[in-house]
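Let me begin by presenting the structure, written as structure tokens, before commenting on it.
The values are calculated or read from the model by the stated rules, or taken from the named source; none is laboratory data. The structure displayed is predicted, hence computed values, not measured ones. A quick note on method: Cβ atoms are made from the backbone with ideal geometry, for glycine too, and the neighbour counts reach across all protein chains shown.
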Amino acid sequence: MDNLVFGLDTFGDLPEDHSGVPVSHARAIRQVVDEAVLADDIGVDVIVLGEHHRPVRGRPSALRCTASDAAR
């Protein structure tokens, strides 16, 4: 199993807080970046960021998040 690769993916859905209210887009973006940084820290090989342009998606630009991930 030398070729096994572990990865995660996300479309950046707009999550809800503990009271069921959608979080802000800024918070959703920070959460995706934090998750990607954590994934890198624990050795995840690949993280895939999808891109959608609908109100239920909190992250309209995968490139913007990827740049943030790389900066951290």
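When region 1-20 is filtered for residues that are under 16 Å from the mean Cα position of the chain (by Cα), among the small types (G, A, S) and modelled with pLDDT of 85 or more, only G7 remains. For V23, the criteria (1) surrounded by 10 or more Cβ atoms within 10 Å (Cβ to Cβ); (2) modelled with pLDDT under 85; (3) touching a Pro at 6+ places or on another chain (Cβ under 7 Å) hold in every case but one, which is (2).
Could you please let me know if A71 is over 14 Å from the mean Cα position of the chain (by Cα), at pLDDT below 85 and of a type in the set (G, A, S)? Spell out how you get there, then give the answer.
Details: over 14 Å from the mean Cα position of the chain (by Cα): yes; at pLDDT below 85: yes; of a type in the set (G, A, S): yes.
When the stated conditions are applied, A71 passes them.
Considering only residues in region 23-48 that are over 9 Å from the mean Cα position of the chain (by Cα) and in a helix (DSSP H, G or I), the one that is nearest to D13 (Cα to Cα) turns out to be H25. Yes or no: A39 among the hydrophobic types (A, V, I, L, M, F, W, C) and at pLDDT below 85? No. The number of residues in region 9-20 being assigned to a loop (DSSP other than H, G, I, E, B) and surrounded by fewer than 10 Cβ atoms within 10 Å (Cβ to Cβ) comes to 3.
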